[in-house]
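The values are calculated or read from the model by the stated rules, or taken from the named source; none is laboratory data. Only a predicted model underlies this, so the values are computations on that prediction, with no experimental measurement involved. Cβ sites come from the backbone with ideal geometry, for glycine too, and all protein chains shown count toward neighbours.
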Amino acid sequence: MFTIRRAIITDAAALRDTHDAAARGTLLRDYPADLIEYFIAANPFPERYRYMLEHDWCYLAEEGGHPIGMAVAMPGRIRMLYVLPAHQGRGVGAALLATAEADAGAGVSEITLHATLTARGFYSHHGYVTIEEGAFAFPDKRQFAYVKMRKQGSG
């Protein structure tokens, strides 16, 4: 049985480690390994996670005291959601998404997110619709494809 809780500043390493392990284990379905590593390295630690913990809503899914998933949201936006591969398909992602949506969707007309190609089906299953396909361009000209999606908020 897993639980979800709001992350605190001392969880910065757990957020990062969970994100990185989930990205490495899941995104290989749609992205080359070297691009995934570049994507991970482009997010400096601890600065990025410390900033998110101070300004956004961050959540950890845990089982037996160990992180198995994470999500970050802000008003009107889901910034990220990752679940370790061994725990996918058990409702962890759906529970994290519902928790993040409760905060992100409060008082706004829509919630948006940038999904990886790998996560597109997950978000579609949960009511998100595609509004744009594109790619983030890295300084070395490599591109990381994404799908911008939206869902109606509660406001």
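Taking only region 105-123 into account, find how many residues are within 13 Å of the chain's Cα centre (by Cα) and hydrophobic (A, V, I, L, M, F, W, C).
Here is the first cut: in region 105-123, the residues within 13 Å of the chain's Cα centre (by Cα) are 112-120, 122-123.
Add one more test, that the residue is hydrophobic (A, V, I, L, M, F, W, C), and what stays is 113, 115, 117, 119, 122.
Matching residues across region 105-123 total 5.
How many residues are in a strand (DSSP E or B) and touching a helix residue (DSSP H, G or I) at 6+ places or on another chain (Cβ under 9 Å) if we restrict to region 130-145?
Pass one, region 130-145, residues in a strand (DSSP E or B): 130-137, 143-145.
Pick out the ones that are also touching a helix residue (DSSP H, G or I) at 6+ places or on another chain (Cβ under 9 Å) and you get 130, 136, 143-144.
Counting residues in region 130-145 that are in a strand (DSSP E or B) and touching a helix residue (DSSP H, G or I) at 6+ places or on another chain (Cβ under 9 Å) gives 4.
Before we move on, is L97 modelled with pLDDT under 95 and either within 20 Å of A22 (Cβ to Cβ) or of a type in the set (A, V, I, L, M) (or both)? I'd like the intermediate steps shown before the answer.
On the way: modelled with pLDDT under 95: no; either within 20 Å of A22 (Cβ to Cβ) or of a type in the set (A, V, I, L, M) (or both): yes.
For L97, the condition - modelled with pLDDT under 95 and either within 20 Å of A22 (Cβ to Cβ) or of a type in the set (A, V, I, L, M) (or both) - is not met.
Restricting to region 84-119, what's the tally of residues that are surrounded by 17 or more Cβ atoms within 10 Å (Cβ to Cβ) and assigned to a loop (DSSP other than H, G, I, E, B)?
5
Would you mind stating whether Y128 is of a type in the set (S, T, Y), buried (at least 18 other Cβ atoms within 10 Å of the Cβ) and closer than 21 Å to N43 by Cβ?
Details: of a type in the set (S, T, Y): yes; buried (at least 18 other Cβ atoms within 10 Å of the Cβ): yes; closer than 21 Å to N43 by Cβ: no.
Judged against the criteria, Y128 is not a match.
Hey, can you tell me all the residues within region 40-57 that are of a type in the set (A, V, I, L, M, F, W, C) and touching a helix residue (DSSP H, G or I) at 6+ places or on another chain (Cβ under 7 Å)? Even if it seems obvious, please write down each step before you answer.
Here is the first cut: in region 40-57, the residues of a type in the set (A, V, I, L, M, F, W, C) are 40-42, 45, 52-53, 57.
Result: I40, F45, L53, W57.
Taking I36 as meeting all but one of (1) crowded, with 22+ Cβ neighbours inside 10 Å; (2) touching a Lys or Arg at 6+ places or on another chain (Cβ under 7 Å), write down the number of the exception.
(1)
Could you list all residues from region 39-61 that are modelled with pLDDT of 90 or more, more than 13 Å from the chain's Cα centre (by Cα) and under 15 Å from H19 (Cβ atoms)? First the steps, then the outcome.
Of region 39-61, the ones modelled with pLDDT of 90 or more are 52-61.
Filter once more, keeping what is more than 13 Å from the chain's Cα centre (by Cα): 53-55.
The answer is L53, and nothing else.
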